[in-house]
Amino acid sequence: MSLGKLLERLIQLIPVLLGVSLIVFVMLALTPGDPVQIMVGEQAITPEQEAELRRDLGLDRPMVERFFLFIANAVQFDFGQSFYHGRPVADVIAERLPATIELSLVALIVALATAIPLGVLAAIRKNSIFDRLATVGSLLGVSLPGFWFGILLIMLFAVHLQILPVSGRIGYASEVPTVTGFLLIDTLLAGDFAAFGEALRYLILPAITLGLPMTAILMRVTRASMLEVMRQDYITFAEAKGLSHRRVIFRHALKNALIPTVSVAAIETGSLLGGNMIVETVFGWPGLGRLVVESIFLRNYPLVQAAVLLYAITYVLLNFVADILYTVLNPRVKL
Amino acid sequence: MTVLLEVSNLHTEFHARAGLVRAVDGVSLKVSRGECLGVVGESGSGKSVTFSSVMGLVRSPGQVTQGAIFFDGRNLRDLSREEMRAIRGRDIAMTMQDALTALNPALTVGEQLAEVLEAHDETLPTGRTARRTAIRDRSVEMLGLVGIPSPEARLRQYPHEFSGGMRQRIMIAIALACRPKLLIADEPTTALDVTIQAQVLELISDIRARLGMAVVLITHDLGVVAEHCDRVMVMYAGQVVEEGPTDQVIGAPCHPYTRGLLASIPRPALRGQPLTPIMGQVPDLVGLPPQCRFHSRCPLAQPQCLVEVPMRDAGPGRRSRCLRLEEMA
Ligand SMILES: Nc1ncnc2c1ncn2[C@@H]1O[C@H](COP(=O)(O)OP(=O)(O)OP(=O)(O)O)[C@@H](O)[C@H]1O
Ligand code: SF4
Ligand SMILES: [Mg+2]
């Protein structure tokens with residue numbers, strides 16, 4: 001794929017992103033509740049003070065103007081002030097983002113690392129006990145509510161067995177300098193392996209909880225596409241060549257079977273964002289998801305607006321990535 | 001000529017929803033070293049399944065249930081998976097019926113050629129770079145052999161970048177890469193247009209002569225058989241119905257089915273005469289009664305044919321599964 005084609009596809013994303021922004025803007029504008037009233041709360045203020053606040057927030061302008069202002073500011077990463085934190089929204093989000101990205105990436109890795117081998121094995125041993133168990137397991141995996149499964153894990157591993165921490169991101173004992181914001185990387189940069197292990201211990205349960213539905217979906221996709229591929233003539237031909245079973249499975253079958261798995265994984269990564277809000281709340285994970293949940297309760301509109309926009313953009317970009325991966329993995333498809 | 005492949009009383013069955021399908025029902029055949037055996041028969045007569053059984057590649061729900069497959073003195077049915085794997089691709093190679101789907105779309109042609117050499121060729125050097133160079137040279141040589149222009153550059157391409165005829169050639173190149181003793185070519189030309197058909201068949205004949213390899217040529221086309229095969233075997237509904245030297249079988253068939261097949265193809269010598277297709281259809285392979293399977297379509301059928309008909313001698317090197325073969329001359 002040429003760089004020009006890639007750029008062309010990226011430019012095509014602009015109208016999509018504009019549309020997404022508009023929806024986010026309108027949705028929040030239409031949400032009941034006056035932000036000024038909520039900000040002010042019980043405090044008594046004069047009508048003049050209120051009008052001034054309204055002007056500061058730009059709420060006195062017409063909707064259309066407010067939208068363009070929102071866009072113009074958004075492209076400069078200016079999402080206004082967070083009422084609650086008294087700081088720019090962008091700063092607050094940037095502070096929380098690494099924790100969420102780290103958790104999501106680990107969840108993604110956990111999901112891929114379990115789903116692909118399990119899916120392949122289920123396909124190879126189709127209709128075996130293992131296959132049936134895997135099918136039931138994946139059904140449970142997509143249907144179990146995340147908060148319930150998370151609490152179950154906490155009760156088992158943290159409360160009952162006491163081998164993993166209940167909640168939070170890392171023990172207070174290990175203080176490492178923040179470089180990337182990703183604790184797994186920062187601890188390694190600091191050469192503090194004990195802290196790295198500690199960070200990992202805090203990550204395990206939330207990552208598994210977050211990754212569970214994705215694991216289940218990816219396993220089913222891998223199994224189905226593997227079965228489909230194994231029926232193809234080119235697999236018979238590969239066997240007729242006298243190649244080892246391993247090579248037929250991993251080189252010939254899996255290379256083709258992974259095309260749908262990878263595309264679905266990229267798209268499903270978007271749905272991890274939604275899962276984050278629940279999982280971060282259950283595990284006290286100091287990430288964006290929990291921040292958004294808190295902000296919704298506090299009617300902290302500028303922050304919610306920015307976060308929702310960020311989610312939407314991420315989702316659109318991940319779909320774009322899925323497309324690109326599909327073409328890269330599939331030599332037959334040209335952009 | 002010594003016998004290379006001897007199949008006796010082969011049975012391959014499929015457990016289908018409709019019932020037990022006897023796709024191959026008591027097939028016996030011989031292929032001598034360097035010989036070309038033609039296999040003809042209508043669609044569904046069991047040609048492909050017979051030779052997938054020989055390769056040990058029948059997939060579930062299919063199963064070889066009976067018979068012996070002697071190749072080079074060993075019964076392939078007694079071999080372990082590993083032993084069978086060592087023979088496949090090295091001693092017996094196969095090309096598939098559909099070249100468009102037989103090559104892996106996600107791997108380059110070069111890789112698909114290299115891996116078969118990697119799996120079987122013991123003459124390759126052991127040093128890494130020397131080995132890679134040797135494999136590359138052999139791959140280039142093979143693509144050149146099957147007539148693919150600028151082979152070096154094309155090794156890096158994917159199957160979809162080649163035409164149907166070229167893919168057929170690539171599949172043949174892969175099959176021939178380890179100089180097998182036997183090539184099973186399953187309808188190597190059906191998907192191709194006429195001029196390319198002729199080229200591919202010439203190629204196979206040419207290489208056969210050069211490598212002294214035996215060929216099983218599965219085809220619908222008796223013209224192809226007449227031109228390229230020493231002997232021919234006619235299959236009908238999972239059984240061999242006639243077998244013998246090509247010129248004799250085509251010149252004087254001694255089974256009504258073979259005669260029907262010959263009458264249904266256009267021949268230059270008979271231009272102007274009407275073609276007579278065989279009436280009726282191939283019987284359903286599920287729950288066949290024990291009688292001559294061609295009975296329902298046979299112009300010579302008689303009540304006494306409603307018994308199980310064995311293969312019978314029909315002259316030197318010839319056999320036929322017909323009770324009335326003597327009357328056919
Ligand atoms: N997977 C399968 N399940 C059930 N029956 C099968 C299966 N594969 C083959 N058969 C049966 O085996 C019979 C023989 O099939 P085969 O592919 O050998 O025919 P063929 O002579 O090669 O025909 P063609 O000329 O169309 O290639 C078919 O009629 C079909 O009923
Ligand atoms: S045995 Fe009878 S029915 Fe069968 S082919 Fe011969 S003549 Fe026809
Ligand atoms: Mg066939």
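Laboratory data are not the source of any read-out in this text; all were calculated from the coordinates shown. All figures in this text were calculated on a predicted structure; none of them were measured in a lab. Heads up, the Cβs are rebuilt from the backbone with ideal geometry, glycines too, and the neighbour counts pull from every protein chain shown.
Descriptive notes on the structure:
- Most fluctuating residue given options B:Gln302, B:Gln112, B:Gln97, as computed from a GNM of chain B linking Cα atoms under 10 Å: B:Gln302
- The angle between the Cα long axis of helix A:254-282 and the longest principal axis of the Cα atoms of chain A comes to about 30 degrees, rounded to the nearest 10.
- GNM top mover of B:Thr123, B:Thr190, B:Thr108 - chain B, alpha-carbon springs below 10 Å: B:Thr123
- In loop segments of segment B:58-129 as defined by DSSP, the GluC sites (Glu not before Pro) with at most 15 further C-beta atoms inside 10 Å of their C-beta are B:Glu122.
- Electrostatic dipole magnitude of segment B:1-53 [Cβ: Lys, Arg +1; Asp, Glu -1; Cα centre; debye, to 20]: 60 debye
- Here the alpha carbons of chain A define both size measures, Rg and Dmax, at 23.9, 87 Å.
- For the protein assembly as shown, the orientation-averaged shadow of the C-alpha convex hull comes to 42.0 nm² (one quarter of the hull surface).
- Segment A:13-75 pair-distance distribution - Cα-Cα, 10 Å bins, rounded %: 18, 45, 26, 9, 2
- Per-residue average of Cβ from other chains inside 10 Å of B:58-64: 1
- Magnitude of the charge dipole, segment B:1-151, Cβ model with Lys/Arg +1 and Asp/Glu -1, debye to 20: 200 debye
- For the peptide B:115-128, the mean number of other protein chain Cβ atoms found within 10 angstrom of a residue's Cβ is 2.
- Ranked by how many other beta carbons lie within 10 Å on average, peptides A:142-148, B:197-203 from highest: B:197-203, A:142-148
- In the protein assembly as shown, a dipole from Cβ-located charges (positive for Lys and Arg, negative for Asp and Glu) runs towards its positive end, and of B:Val234, A:Tyr202, A:Leu298 it is B:Val234 whose Cα lies farthest in that direction.
- 0 to 90° range, to nearest 10: angle between helix A:47-56 axis and chain A longest Cα axis: 40 degrees
- Based on Cα atoms of segment B:103-179, Rg over Rh with Rh as the Kirkwood radius reads 0.95.
- For the protein assembly as shown, the residue among B:Val286, B:His255, B:Ser205 whose Cα projects farthest onto the positive side of the dipole built from Cβ charges is B:His255.
- Note on the protein assembly as shown: dipole from Cβ charges, positive end direction compared against A:Asn73, B:Cys178, A:Leu7; the farthest Cα belongs to B:Cys178.
- Using the alpha-carbon positions of segment A:65-143, Rg (one decimal) and Dmax (whole number) come out as 22.1, 63 Å.
- Shielding value for A:228-235 is 4, the average number of Cβ atoms from other chains within 10 Å of each residue's Cβ.
- The mean of 1/r over all pairs of different alpha-carbon atoms in segment A:261-335, once inverted, gives a Kirkwood hydrodynamic radius of 13.7 Å.
- Taking the centroid of alpha carbons for each part, segment B:1-16 and segment B:222-245 are 16 Å apart.
- Distance from segment B:157-185 to segment A:8-38 (C-alpha centre basis), Å: 56 Å
- GNM result for chain A, Cα springs below 10 Å: residue of A:Tyr84, A:Tyr311, A:Tyr202 fluctuating most strongly: A:Tyr84
- Cα-based helix-to-principal-axis angle, A:3-30 vs chain A, degrees rounded to 10: 50 degrees
- Calculated FRET value between A:Leu317 and B:Gln66, using beta carbons and R₀ = 60 Å, to 0.05: 0.50
- Low-density loop positions, GluC sites (Glu not before Pro), segment A:16-93 - DSSP coil, at most 16 other Cβ in 10 Å: A:Glu42
- Sum of -39500 (n - 2.57) over DSSP H runs of 4+, divided by residues of chain A (222 nm, nearest 500): -24000 deg cm²/dmol
- When the Cα atoms of segment B:59-145 are aligned to their principal axes, the ranges along those axes come out at 46, 31, 22 Å in descending order.
- Two-site FRET efficiency, A:Arg61 against A:Ile296, from Cβ-Cβ distance with R₀ of 30 Å, rounded to 0.05: 0.75
- Sites A:Leu156 and A:Leu227 - FRET efficiency at Förster radius 35 Å, r taken between beta-carbons, to 0.05: 0.55
- Computed with the Debye formula from one identical point scatterer per Cα of segment A:142-244, without solvent, the log10 of I(q)/I(0) at q = 0.12, 0.17 Å⁻¹ comes to -0.63, -0.84.
- Semi-axes of the equivalent ellipsoid for chain B, Cα gyration tensor, largest first, Å: 37, 22, 18
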